[in-house]
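So the structure is just underneath, and the comments pick up after that.
Each value in this text was obtained by applying a stated rule to the coordinates, not by laboratory testing. This one's a predicted model, so the numbers in the text were calculated from it and none came from an experiment. With ideal geometry, Cβ positions are generated from the backbone for all residues, glycine too; neighbour counts draw on all protein chains shown.
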Amino acid sequence: MHDTKERLSLLWIFVLLNYLYADVLALFAVAGTGTSFEPLPQWALMGSAILMEIPIAMIVASRLLSFRANRLANIIAATFLTLINGFLTFIAPLLGWGQPPAFAEYLFFATIETVCTLVIIWQAWNWSPRADAIASHA
């Protein structure tokens, strides 16, 4: 896989699946306790929808955008999601805004998600259209 657009798109699919499955496991954990819980407020649901739409959109954007827009969009989106993920996983629970401690499996997924978004940032930052052209001719 020499095409950076293809690689970035694949990485966004990978990170999205990790986000989604971590949330599925968290729901199983909460539902399995047998205790009642309050539904999330509308603002939290909308915020979650927006956060999940970013990697969904980046799967397509990574394939369709021009080099400059693609590179910038990948760096911005991955940086934003890395910061949000780090905040929600580590900072918010320490401040008492979450349910400390986070589930071990959630921390496992958060680590994978963070590494993947950092790889996306690295790939986009070091992306050269000339290197892609040389690799595709080889």
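Listed values (1) -0.46, -0.62; (2) -0.59, -0.71; (3) -0.39, -0.54 include one computed from this model; for log10 I(q)/I(0) by the Debye sum over Cα atoms at q = 0.11, 0.13 Å⁻¹ that value carries the label (1). A simple packing score, the average count of other Cβ atoms within 10 Å per residue, orders the peptides 36-44, 77-85, 19-27 as 77-85, 19-27, 36-44, with the highest score first.
Short-range pairs are left out: with C-alpha atoms under 8 Å and at least six residues apart, the relative contact order of the chain is 41 percent.
With the helix formula -39500 (n - 2.57) applied to DSSP H stretches of n ≥ 4, the chain reaches a computed 222 nm mean residue ellipticity of -25500 deg cm²/dmol.
Principal-axis analysis of the Cα atoms of the chain puts helix 4-31 at an angle of about 10° to the longest axis.
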